[in-house]
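Visitor: Once you've had a glance at the structure underneath, I'll fire off some questions.
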Amino acid sequence: MMFKNFIPLTLIAILVACTTAKQSAENSKVASEQHRPQIHFTPPSGWMNDPNGMVYSNGTYHLFYQHYPDSTVWGPMHWGHATSTNLVEWQHKPIALYPDSLGYIFSGSAVVDTRNTSGLGKNGKAPLVAIFTYHDTTGERKGRNDFQSQAIAFSNDDGKTWTKYAGNPVLANAGIRDFRDPKVGWNEATKKWIMTLAVQDRVAFYSSPDLKNWTKESEFGKEVGAHGGVWECPDLFMLEHGGQQHWVLIVNLNPGGPNGGSATQYFVGKFDGQHFTPYSNETQWLDYGPDEYAGITWSNTGKRKIFLGWMSNWQYANLVPTKTWRSATTVPRELRLEQVGGKYRIASLPVAELQVLAIQTMQGQQQGVLNGPVRMNLTTQSLDAFSITLKNKVGQKVVLGYDAATNSFYMDRRASGKISFEPGFAAIHRAPRFSATPNIKLTLIVDKASVELFADDGLTVMTQIFFPDNDYESYSIDVKDSSAIQSFQVTPYRSMYLQGQNHKALK
């Protein structure tokens, strides 16, 4: 029998090989870009800020993000899209949501509507529903205060394509200039969806039976927490400690962070489906570094809470010296609740899945070579001061460590490389130590242009970016008595691009 459309297997093999070779070439080109992170998510090109719509469904982690594909500075916001099965190796997808006549597509969240409460599912299959803010620039230019509203879109093909709901907006604005960033989750006790919304200097809670019709329940935060800037990108979820469930409210703030500019604060307390009541009015920070912002958690991950932040700061985000793209995310972090000194604190560590990129863990020396991304684990015998220096051949460096006199951790990027693009970029940043243990455990995640510090199993966290003229190629540990270092391990990571990730921009 003859088949007119028959393609010989050898030809298919050649086509596959050519495609793979092309992808490998694209990956190599992207991976070699100056400052391009090798183990952190970045857009293929263009601008990126807040992570959005993070949802886990059918074995896949979906990451959406604020994206302007046509420039490396902020512009008309889209929702970029990428997926991963392991939180580490990402596949870029076509843009999910484009601006339209109702406005730009600002930040928001996504859920699996398991019960099909929205009625938007088909054939008995639960839809994915995205909840986002429309930002109407026309209304803003006219001086109106109601130019932001909440809307939804849905997908019935596991996030491949999205349809905006015909009845948008689902939550209109009564006249509040900053009315945005809805984070939505199902509340089993009330059998309703709860929306946590940033409203100028506070958050507002709304409830809905169907993701379409929303009722305001309460507000929180007008006189609580840090108020150096506008509240943005909130998140509400439960964490377990000591066999009990506690509610955590994350609120991002810009400016007013502990080290200047953007930062993420949080509260621990109770939520009864209507009102959030904190255990303490103390301001607590999820990350004390200058470069973690707009962080929220993935939805539909059960008791496991996985956090991801934007690795930049509005103080200089539009100015950093990258060429084809701007911004990266932090590594995904798993959150847990700890009780220290009678207070509940969030601790976070890199997700275990990062081990997928690990090459081989080695015993480190007091001085060594850097050749790509790496994880460093250091444990001390005491609370003596120490520092770790990352350096390149032209003497540019980042210094970080522990200051025993102030019982604090620090990061110093004053000599890190390119620093003149913004007056406040070159600085020392500090974070308090919360643990009362007689020794220190420190984990560093180092990439081409960033370092993330996790001290005392993540009770103190700092994130910092930098832009050396040449990659850092060595490290050294400075400590008065070398016996103060109990152990030091170094784990090199391979680049995520070595697995044939298609990094081609899709439009």
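Visitor: I need the Debye-formula profile for segment 193-251: one equal scatterer per C-alpha, no solvent, reported as log10 I(q)/I(0) at q = 0.14, 0.21, 0.22 1/Å, two decimals.
Guide: -0.45, -0.86, -0.91
Visitor: Say a paramagnetic label sat at a point 7 Å from the Cα of Lys323, along Cα to Cβ; which residues of segment 39-59 have their backbone N under 12 Å from it?
Guide: Answer for segment 39-59: none.
Visitor: Kindly write out, for segment 474-481 in residue order, the coupling ³J(HN,Hα) from the Karplus curve 6.51 cos²θ - 1.76 cosθ + 1.60 (θ = phi - 60°), rounded to whole Hz, with x marking Gly and Pro.
Guide: These are the phi-based 3J(HN,Hα) values: 8, 9, 8, 10, 10, 8, 4, 10 Hz.
Visitor: Right, another one. If you take the square roots of the eigenvalues of the alpha-carbon gyration tensor of segment 218-367 and sort them as a ≥ b ≥ c, do you get rounded (a/c under 1.5), prolate (a/b over b/c) or oblate?
Guide: Oblate.
Visitor: What is the count of Lys pairs in segment 288-395 whose alpha carbons sit under 28 Å apart, if the two are 8 or more places apart or on different chains?
Guide: Lysine pair count for segment 288-395: 4.
Visitor: Roughly how many Å² of Met195 are accessible to a 1.4 Å probe, to the nearest 10?
Guide: In the full protein context, Met195 sits at about 0 Å².
Visitor: Same structure again: Once phi is turned into θ = phi - 60°, what whole-Hz ³J(HN,Hα) does the Karplus curve with 6.51, -1.76 and 1.60 give for every residue of segment 228-239, x standing for Gly and Pro?
Guide: x, x, 6, 7, 9, 6, x, 8, 10, 7, 9, 10
Visitor: Report the charge-dipole magnitude of segment 117-157 in Debye, nearest 20, computed about the Cα centre from +1 at each Lys and Arg Cβ and -1 at each Asp and Glu Cβ.
Guide: So the dipole magnitude of segment 117-157 works out to roughly 60 debye.
Visitor: Another question, if that's okay. By per-residue mean of other Cβ atoms within 10 Å, what is the highest-first order of 234-242, 480-488?
Guide: 234-242, 480-488
Visitor: With N set to the number of residues, divide the alpha-carbon radius of gyration of segment 92-149 by 2.2 N^0.38 Å and report two decimals.
Guide: That works out to 1.44 for segment 92-149.
Visitor: Dipole of segment 427-481, Cα-centred, from +1 at each Lys and Arg C-beta and -1 at each Asp and Glu C-beta, to the nearest 20 debye?
Guide: 300 debye
Visitor: Right, another one. Might you report the magnitude of the Cβ-based charge dipole of the chain about its Cα centre, with Lys and Arg at +1 and Asp and Glu at -1, to the nearest 20 debye?
Guide: Dipole of the chain, to the nearest 20 debye: 1000 debye.
Visitor: What are the ³J(HN,Hα) couplings of segment 302-314, residue after residue, when phi is run through the Karplus curve with 6.51, -1.76, 1.60 and θ = phi - 60°? Round to Hz, x for glycine and proline.
Guide: Ordered by residue, 3J(HN,Hα) equals x, 6, 6, 10, 10, 10, 9, x, 7, 9, 6, 8, 4 Hz.
Visitor: By what distance, in whole Å, do the Cα atoms of segment 371-443 stretch along each of the three principal axes, largest value first?
Guide: 40, 29, 16
Visitor: Which residues' amide hydrogens lie under 5 Å from the amide hydrogen of Asp457, considering only partners 5 or more residues apart or on another chain, with H built in the peptide plane?
Guide: The answer is Lys441.
Visitor: In 10 Å bins starting at zero, report the fraction of Cα pairs in segment 53-177 per bin as a rounded %.
Guide: Histogram of Cα-Cα distances, whole percents per bin: 13, 41, 32, 12, 1.
Visitor: So I have (1) 130; (2) 175; (3) 208, and one of them is volume of the Cα convex hull per residue in Å³ calculated from this model. Which one is it?
Guide: Identified label for the calculated read-out: (2).
Visitor: Would you kindly state how much longer the chain becomes between Ser101 and His275 on full extension, computed as 0.36 nm times their sequence separation minus their alpha carbon distance, in nm to one decimal? Write down the numbers at each step before the final one.
Guide: Details: separation 174, 0.36 × 174 = 62.64 nm, distance 3.50 nm.
Once the chain is fully extended between Ser101 and His275, it gains 59.1 nm.
Visitor: May I ask you to derive the relative contact order of the chain, considering only C-alpha pairs under 8 Å and at least 6 residues apart, and to give it as an integer percent?
Guide: With pairs under 8 Å counted, the relative contact order is 15 percent.
Visitor: Also: In terms of Cα to Cα distance under 27 Å, which lysines are near enough to Lys122, apart from those fewer than 8 places away along the same chain?
Guide: By straight Cα distance, Lys122 reaches Lys93, Lys160, Lys164, Lys183, Lys191, Lys192, Lys212, Lys507.
Visitor: Could you work out [θ]222 nm for the chain from helices alone, using -39500 (n - 2.57) per DSSP H run of at least four and dividing by all its residues? Round to the nearest 500 deg cm²/dmol.
Guide: -2000 deg cm²/dmol
Visitor: What number, in percent, do you get for the relative contact order of segment 219-305 if the mean sequence gap of Cα pairs under 8 Å and at least 6 apart is divided by its residue count? Spell out each step's value before the answer.
Guide: Working: 174 pairs, mean separation 24.0, N = 87.
The normalised contact order for segment 219-305 reaches 28 percent.
Visitor: Further, regarding this structure: With a ≥ b ≥ c the root eigenvalues of the C-alpha gyration tensor of segment 311-375, is it rounded (a/c under 1.5), prolate (a/b larger than b/c) or oblate?
Guide: It is oblate, given that a/c is not under 1.5 and a/b is not larger than b/c.
Visitor: Now, a different point. What is the packing order of peptides 445-456, 343-354, taking the mean over residues of other C-beta atoms within 10 Å and listing the highest first?
Guide: With the highest mean Cβ count within 10 Å placed first, the list reads 445-456, 343-354.
Visitor: Residues with amide H under 5 Å of Tyr279's amide H, sequence separation 5 or more or different chain, H placed in the peptide plane at 1.01 Å from N; which?
Guide: Val268, Gly269, Lys270
Visitor: Say the dipole of segment 393-470 comes from +1 at the beta carbon of Lys and Arg and -1 at that of Asp and Glu; which of Phe467, Ser408, Gln396 then lies farthest toward its positive end?
Guide: Looking along the dipole axis, the top candidate is Gln396.
Visitor: Please work out whether segment 364-507 counts as rounded, prolate or oblate from its C-alpha gyration tensor, where a ≥ b ≥ c are the square roots of the eigenvalues and a/c under 1.5 means rounded, while otherwise a/b larger than b/c means prolate and anything else oblate?
Guide: Prolate.
Visitor: Could you pull out every residue, at least 5 positions away or on a different chain, whose amide H is within less than 5 Å of the one on Asp50? Hs are placed 1.01 Å off N in the peptide plane, and Pro or chain starts have none.
Guide: Excluding prolines and chain starts, which carry no amide H, the hits are Gln66.
The values are calculated or read from the model by the stated rules, or taken from the named source; none is laboratory data. Since the structure is predicted, the reported quantities are computational estimates derived from the model, not experimental observations. Here Cβ is always computed from backbone atoms with ideal geometry, including for glycine, and neighbour counts include all displayed protein chains. Surface accessibility is based on the protein's heavy atoms, side chains included, excluding ligands, DNA and RNA. Shrake-Rupley method; radii C 1.70, N 1.55, O 1.52, S 1.80 Å.
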